[in-house]
Each structure stands twice: as structure tokens, then as C-alpha cells.
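Here is the structure we will look at, set down as C-alpha cells.
The values are calculated or read from the model by the stated rules, or taken from the named source; none is laboratory data. Just so it is clear, the structure is predicted and the values come from calculations on it, not from any experiment. Counting neighbours? That spans all protein chains shown, and the Cβs are built from the backbone with ideal geometry, glycine included. To get the accessible areas, we keep the full protein, side chains included, count just its heavy atoms, and leave off ligands, DNA and RNA. Shrake-Rupley method; radii C 1.70, N 1.55, O 1.52, S 1.80 Å.
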Amino acid sequence: MTVSQHDVVATPARRSEQQLVYGCMGLGGSWDPSPYGAAEVTQAELAVRTALETGITVFDHADIYRSGKSESVFGELLADDPALRDRIHIQTKCGIRLGEDGLAVHYDLSAQNIRRQVQTSLERLRTDRLDTLLLHRPDPLTDPAETAGALLALREEGLVHDVGVSNMSAPQMAALERHLVAPLAVNQLELSLAKRDWLETAVGVNGAQEISSTFVPGTLEHCAKTGAVVQAWSPLARGVYSGSAPSDPSPAERATGALVRRLADELGAAPESVVLGWLMKHPASVDPVIGTTSPARIRACADAAAVSARLTRTDWYALWVTARGLDLP
Ligand SMILES: NC(=O)c1ccc[n+]([C@@H]2O[C@H](COP(=O)([O-])OP(=O)(O)OC[C@H]3O[C@@H](n4cnc5c(N)ncnc54)[C@H](OP(=O)(O)O)[C@@H]3O)[C@@H](O)[C@H]2O)c1
């Protein structure tokens, strides 16, 4: 049986509104392959239960996180509570190879590697299907037709429901989509108040001198056109504006942290929700993938959508301009 246009069009949308995603990269203990213990299982359980309590139902993984231990520890939670599987959406990523073939890092979107990594993720997560599979990074060596063929085969076999990408540009998405029967469902990119090149690109079309950005123009617009969900990784900027400023913050970081705190006080919300609300206000309808393992900080993110609705245009621009430390052109 082949996947028909009808099958793909009939696929239910993976979300109806903007939402937070829980990023599981912090679960599982150390990054080396040493085994995890009971403490890591307890930490994961606490984080996942807290995320569920705040209404999060989408969980983001990658086969490489903590040498596979993020997926394994999550799999233990699913094995303990099988009913959980149908209440959540599991997303994982493939295509990065760490410490293999004498190379510290390389990318591999060949059909053989995608299948191998997906099978490993399914085993670790102790599930029979992935709700979404993302290609973690572009692999310049593999023909997009081969990669797309591998994704279609996994869909056809019911092992993967939706397919998407991470860290890819609009032309890279289009090259894959040419060989798929439906647009990619997701693009996960680093977007935050600290990583602003996606905005700099948007206002630097005429090449204003003070604007330099490597973000490929048109990528968010491509997602809007095809309906791909834009997910933001490291959306809290690892806490730099909400409590974990570096020991020697730049004037812009210090000023932005102060503005975030002031807005949080005015809105009666946590600083984390202001940082995320700023991101969610952009019309790209960004879903932040939060990576904190602290239950208190997970809860502090929960008002992000409400804050986004209450931030004014002035607040939004003030945060951007303060974070860039320079007026707009
Ligand atoms: N697609 C990709 O290439 C890619 C790359 C990186 C990440 N991701 C995904 O994105 C998710 C989030 O990424 P992330 O964890 O880098 O980003 P994040 O959500 O911006 O930051 C979370 C990290 O910052 C720390 N942090 C945040 N606020 C803090 C505060 N106020 N005080 C002290 N520490 C604070 C957290 O520590 P605590 O745990 O102690 O709170 C945690 O280590 C990951 O879990 C993963 O799913 C994807």
C-alpha cells in the first residue's frame, strides 16, 4: 500500500492553537553514555508531571539527547503509566551522529540511518509510533529524494505520523517537500529574545548597515504559507533574562532583564512567561520548546500565552530594542 494524497490530507492537525512544548533534553542525567539511576527517573517524572499539570501535552526529544538517556528515562515513565501514551504527543529527531566513524559530529539523512535511528528511538521510548519525527539538521550529502522516500516509508508503515525539520531554511524545506505528498508539519529553530537574527532579517531587507544576520530570509514566511508549525528551541535563552544572568552581563542583558521584571510585575506574571509571551506574540505563531527541568520554572512558563495577548505593541518593541542594545534603523 502506498500513502495516497487522501491519507495525508486526512491527517488530523497536530495542534489547534499555539502551545508550549516540553523539551526533554535536560532529562536523563549526564551527556556521557554512563547509565542513569533512580534519581534521573524521579527528576524526569517530576518534570513531566509538572508539565502535564500546566497543560503541556507535546514532548520534544532527539535520539542524541544525553546519549539516548532522555528517551530511555521517558520510556520508563510510559512503561509505568501506559495510559499516558494516548494523552501525549511524542516528537523526536534523527539525523545527527555523535562520536561515530572517527568523527565527533556528522549529519546523516540517508534512508538507512533515518530508519536505524527511528527504530532505536522507538525502542528507547517504549512506544510503537512517533507522533512527529524531525530531521535534526540538514545533511548536505544526502539527496532530498532519498530522505523524503525514507520519511514516506515510515509513515506508510505507521511508525511515524507527521514529519518535519529543524534548523532548516525555506529552500531546504522546499527541496524535501518536492518529494513528499504533503508539506512538512514543523520547523524547529532557535528563536528567542537573545537569538534575534530571524527578526533582524525581516527588517534588514534593504541591507541596513547595522544589521547582519545569517537567518535565511523567507523561512518563517514559507512555514506560514505551507502551515508548518514553527517551534522555538532555547526560547528562554537559558534564563539570561529571567534569573540566570551571566556573572558579567552586558548592558543590554542587564537592561532587558530589568524590563522583563518590570513587565512581569505590571502583568502579575512570572518573568519566564514574559520572555516566552514576547516570542508567542509574533504572527508566526511560535510554539516555544521549554527545556527547564525545574518544576517551579515549568510553572513559571504557564502564563506565556496569556501574557502574549496582554503585551502591547510598545512593550514588544521595547523588549526587542532593549535586547539588541541599539535602536532600529
Ligand atoms: N532542534 C535543536 O537543534 C535543538 C537544540 C537545543 C535544544 N532543543 C530543544 O529545545 C529545548 C529547550 O532548549 P534549552 O534547554 O536549551 O532552552 P531553554 O528552555 O531556553 O533553557 C532551559 C535551560 O536554561 C536553564 N534555565 C532557564 N531559566 C533559568 C533560570 N532562571 N535560572 C537558572 N537556569 C535557568 C535551565 O536550567 P534548569 O533545568 O535548572 O531550569 C535549562 O538548562 C530542549 O529541551 C530541546 O528539546 C532543540
1/(1 + (r/R0)^6) with r = Cβ-Cβ of Val321 and Asp86, R0 = 30 Å, i.e. FRET efficiency to nearest 0.05, evaluates to 0.10
Considering only Leu184, Leu267, Leu159, give the residue with the highest GNM mean-square fluctuation for the chain, with springs between Cα atoms whenever their separation is below 10 Å. Leu267
With r as the distance between the Cβ atoms of His179 and Asn206 and R0 = 45 Å, compute the FRET efficiency 1/(1 + (r/R0)^6) and round to 0.05. 0.80
For segment 115-163: rounded, prolate or oblate by the Cα gyration tensor [a/c cutoff 1.5]: prolate
Sequence neighbours fewer than 8 away in the same chain don't count; with that in mind, list the lysines whose C-alpha is under 25 Å from Lys225. Lys93, Lys195, Lys281
Highest mean first, how do 277-284, 249-256, 185-192, 121-128 rank when packing is the count of other Cβ atoms within 10 Å averaged over residues? 185-192, 277-284, 121-128, 249-256
Integer Hz, Karplus 6.51/-1.76/1.60 couplings in order for segment 229-241, x for Gly and Pro: 6, 8, 10, 10, 8, 6, x, 7, 6, 6, x, 4, 9
With a point put 7 Å past each Cα toward its Cβ, work out how far Ser16 is from Ser30 in nm, to one decimal. 4.7 nm
Charges only on Cβ, +1 for Lys and Arg, -1 for Asp and Glu: so what's the dipole of the chain about the Cα centre, in debye to the nearest 20? 540 debye
Gaussian network model of the chain, springs between alpha carbon atoms under 10 Å - residue of Gln112, Gln19, Gln231 with greatest fluctuation: Gln112
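Rounded to the nearest 500, what is the 222 nm mean residue ellipticity of the chain from helices alone, with -39500 (n - 2.57) per DSSP H run of 4+ residues and division by all residues? Mind dumping the intermediate values first?
Details: 13 runs with 136 residues, N = 329.
Mean residue ellipticity, 222 nm, calculated: -12500 deg cm²/dmol.
Mind running the shape call on segment 57-117? Use the C-alpha gyration tensor, a ≥ b ≥ c as the square roots of the eigenvalues: rounded below 1.5 for a/c, prolate if a/b tops b/c, oblate otherwise. Could the numbers behind the result be given before it?
Values: a/c = 2.94, a/b = 2.12, b/c = 1.39.
Prolate, because a/c is 1.5 or more and a/b exceeds b/c.
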Give me the 1.4 Å probe accessible area per residue for the chain, excluding ligands and nucleic acids, in Å². 45 Å²
With all protein chains present, calculate the accessible area of Ser285 using a 1.4 Å probe and round the result to the nearest 10 Å². 40 Å²
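Would you rank His161, His222, His61 by solvent-accessible area, highest first, keeping every protein chain in place and using a 1.4 Å probe?
Numbers: His161 70, His222 35, His61 0 Å².
My answer, sorted largest first, is His161, His222, His61.
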Does anything in segment 123-147 have its amide N under 19 Å from the 7 Å Cα→Cβ label point of Arg116, and if so which residues? 123-125, 134-144, 146-147
How far apart, in nm, are the 7 Å Cα→Cβ label points at Ala39 and Thr214? 3.6 nm
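Full-extension gain between Asp265 and Glu123, please, as 0.36 nm times their residue separation minus the C-alpha to C-alpha distance. Walk me through the numbers on the way to the answer.
Details: separation 142, 0.36 × 142 = 51.12 nm, distance 4.56 nm.
Length difference between fully extended and current span is 46.6 nm.
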What's the FRET efficiency of Lys225 with Leu46 using the Cβ-Cβ distance as r and R₀ = 56 Å, to the nearest 0.05? 0.90
